[in-house]
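Student: Before I ask anything, let me first share the structure, which is written out below as C-alpha cells.
Quick note: the coordinates plus some simple rules give every number you see, no bench work behind them. Please read all numbers here as calculations on a predicted model, not as lab measurements. Glycine also receives a Cβ, built like all others from the backbone with ideal geometry; neighbour counts cover every protein chain displayed.
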Amino acid sequence: MSPRAVLIGPPGSGKSTIGQLLADRLGVAFRDTDTDVERTAGKPVSDIFIEDGEEIFRELEADAVRRALAEHDGVLSLGGGAILAEATCELLAEHPVVYLEVGLANAVQRVGLASARPLLVLNPRSRLKKLMDARRPIYEKLARIVVVTDEREPGQIVDEIVRGLEP
Ligand SMILES: Nc1ncnc2c1ncn2[C@@H]1O[C@H](COP(=O)(O)OP(=O)(O)O)[C@@H](O)[C@H]1O
Ligand SMILES: O=C(O)C1=C[C@@H](OP(=O)(O)O)[C@@H](O)[C@H](O)C1
Ligand SMILES: [Mg+2]
C-alpha cells in the first residue's frame, strides 16, 4: 500500500486544503500527518509545542509519516517541517511527492488566515522567510512534481497535480 500523492511545502502552501480537494477529485481517502500526531498526543499541535517542545513533536511527526506512508493509499499531506527528518526524506524518495510552491507574500497572507502555527506566532513574515529559505532545497530535491500555487485557485492547482500524476 502506498499513497497516490504525498504533498509537501511550507506552511501556507495549501497542503491540507489542496490535499483534501485532490483526494475528493481522485475518489480516495485523505490523511494529514498533523491530524495523526494530534490524535496520538491527544492535543493540538500548538499544545504539543508548548507543553512538550518541538523535538518531541518532530519525533511524533516522523513516526506518523512512517506509518502513513506504509498504511495509506489515498492522498497524504505532511506538515511543512516533516522533511527536516533525514529518515523521512529517505522514505519519501520512493513516493510520488508533490511540492506546492508558494512565495513569501502569499504564504504570509494565507497563514494569517488559518489556525495558529506555533513556529509563526512571533514575527510571522521574518520567521516564514527564514524557514522557507532553509527548506526550499529539501523540498526541491524531494519533489517529483512541482506546482506553483501563487495567485491560483485551489481547483486549478488540483487540475495541474492530476495532470502531473498521469503516467
Ligand atoms: N491556492 C490558494 N489560494 C488561496 N488560499 C489558499 C490556497 N491554498 C490554501 N489557501 C488557504 O490558505 C490557508 C492555509 O492553507 P493550508 O491548506 O492549511 O496550508 P498548509 O497545510 O500547507 O499549511 C487556508 O486558510 C486555506 O484556505
Ligand atoms: O513548518 C513547520 O515546521 C510546521 C508546519 C505545520 O503544518 P503546516 O505546514 O500544514 O502548516 C505543523 O506541522 C507545525 O506547526 C510545524
Ligand atoms: Mg497543513
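Student: Collect the residues in the range 26-59 that are more than 9 Å from ligand 2 (Cβ to nearest atom), in contact (Cβ under 8 Å) with a residue 40 or more places away in the chain and under 14 Å from the mean Cα position of the chain (by Cα), keeping them in residue-number order.
Tutor: Phe30, Arg31
Student: Can I ask one more? So which of Ala105, Ala62, Ala23 ends up being under 23 Å from Met132 (Cβ atoms), out of contact with any Pro (no Cβ under 8 Å at 6 or more places or on another chain), away from ligand 2 (no atom under 13 Å from the Cβ) and free of Cβ contacts under 8 Å to residues at least 60 places away in the same chain? Walk me through how you get there before you give the answer.
Tutor: Details: Ala62 fails: away from ligand 2 (no atom under 13 Å from the Cβ); Ala23 fails: under 23 Å from Met132 (Cβ atoms).
One residue alone meets the criteria, Ala105.
Student: Among the residues that make up the range 104-123, is at least one of them of a type outside the set (Val, Ile, Thr), exposed (fewer than 13 other Cβ atoms within 10 Å of the Cβ) and more than 13 Å from Gly12 (Cα to Cα)?
Tutor: Within the range 104-123 (the criterion being of a type outside the set (Val, Ile, Thr), exposed (fewer than 13 other Cβ atoms within 10 Å of the Cβ) and more than 13 Å from Gly12 (Cα to Cα)), the answer is yes, since at least one residue qualifies.
Student: If Gly164 meets every condition in (1) touching a Pro at 6+ places or on another chain (Cβ under 7 Å); (2) closer than 30 Å to Met1 by Cβ apart from one, which number is that one?
Tutor: Status for Gly164: all satisfied but (1).
Student: Inspect all residues belonging to the range 94-102 and state whether any of them is over 25 Å from Pro167 (Cα atoms) and buried (at least 17 other Cβ atoms within 10 Å of the Cβ). Give the derivation first.
Tutor: Of the residues in the range 94-102, the ones over 25 Å from Pro167 (Cα atoms) are 102.
Next, only the ones that are buried (at least 17 other Cβ atoms within 10 Å of the Cβ) stay: 102.
Among the residues of the range 94-102, at least one is over 25 Å from Pro167 (Cα atoms) and buried (at least 17 other Cβ atoms within 10 Å of the Cβ), which makes the answer yes.
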